[in-house]
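Heads up, the thing below is written out as structure tokens.
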Amino acid sequence: MKSIATGSYEEVLVESGFFVLKIQNDSEEETLVEREIDSSFIQFHFCLKGNSKFLFNQGGYQLEVSEENSLLLYNTQRDLPLHAIVSPNTWLLSVIMTIRKFHSLFSKEAGYIPFLSEEFREKKYYGQEMVSPSIAVVLSQLMQYNLNPFMKELYVKGKVYELISLYFNRAPEADLEQCPFLADEENVRKIKMAKEIIIARMAEPPTLNQLSEEIGLSLKKLKEGFKQIYGDSVFGFLFDYKMEFARKMLETGRHNVNEVGLKVGYSTASHFITSFKKKYGTTPKKYLSSIA
């Protein structure tokens, strides 16, 4: 039987009875993520990329959530602890809040949202949805923000409320108003292709002109679309990705600074150290000392 590593996640408390889990499995192995969640909570799980399986009843029942899909679930009759097998290269964001808190958000709209009606109020409810382009933008922002720690809670709270609002907004023109660019699904596909290309070739990435030609999208649309979906410029995103990749390589203890620098595209250790310090405020050596 294939062994599964136990994964970690970042938990951000929005307010009492309301929190967010950011799960990023950037490894090449499946990861098991577990957390106790009792029957007083409603759960929203959004898969940005990759794939996850949610197991229930000691693995006797499972629900799969693939890339760009979401899972909503609650059951007032029994606890639904989080027991997820997260595939390699998967990003998952979960919003967990008490049912009491959730009902308070939509008290005037109970008739509009099916499971808020009296018929479902004391029953279980499972729902799977495609992630709309506008929701994908907010999810990316939640996964990749880089803020002063004192501002994180406020930022996450605002974005989560935006996320829930978009999730329940069923107006067909809503996404178009939210982001005209993303109304074109083909453009979204090409932008995602651009992201995969620069990650795969991060040591020697193509220029913006080369990238736009390769994905078949104008330079202007590439820049605008990438910023809209990923919240940063192409090379801003790539820089953050490379530094995070480098940090994780260093933490394994199996590579020296030169090797890590070369892996992420720096010909000299000094250039890599300068970039690392720009990102994390310290040198690779001092960073490793601080976590030892």
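The values are calculated or read from the model by the stated rules, or taken from the named source; none is laboratory data. Only a predicted model underlies this, so the values are computations on that prediction, with no experimental measurement involved. Ideal geometry is used to build each Cβ from the backbone, glycine not excepted, and the neighbour counts take in all protein chains shown.
For the range 246-270, a tally of residues being surrounded by 17 or more Cβ atoms within 10 Å (Cβ to Cβ), touching a residue at least 40 places away in the same chain (Cβ under 8 Å) and closer than 19 Å to Gln24 by Cα returns 1. If you go through the range 256-274 and pick out every residue that is under 19 Å from Ile199 (Cβ atoms) and part of a loop (DSSP other than H, G, I, E, B), you end up with 3. Only one of the numbered conditions (1) closer than 21 Å to Ser267 by Cβ; (2) part of a loop (DSSP other than H, G, I, E, B); (3) not basic (Lys, Arg) is not met by Tyr241, and that is (2). Set side by side, the residues Asn69, Asn89 differ, and just one is in contact with a Cys (Cβ under 6 Å, 6 or more places away or on another chain) and of a type outside the set (Asp, Glu), which is Asn69.
Looking only at the range 99-108, decide whether some residue is within 30 Å of Asn187 (Cβ to Cβ) and at pLDDT below 80. No, because not a single residue in the range 99-108 is within 30 Å of Asn187 (Cβ to Cβ) and at pLDDT below 80.
Scanning the range 222-270 for residues that are of a type in the set (Phe, Trp, Tyr) and within 30 Å of Ile135 (Cβ to Cβ) gives Phe226, Tyr230, Phe235, Phe237, Phe239, Tyr241, Phe245. Return the pair list, or none, for Cβ contacts closer than 6 Å from residues in the range 72-90 that are closer than 23 Å to Tyr167 by Cα to residues that are assigned to a strand (DSSP E or B) and basic (Lys, Arg), at least 6 apart or on different chains. Between residues of the range 72-90 that are closer than 23 Å to Tyr167 by Cα and residues that are assigned to a strand (DSSP E or B) and basic (Lys, Arg), the close pairs are Asn75/Lys124; Leu82/Arg35.
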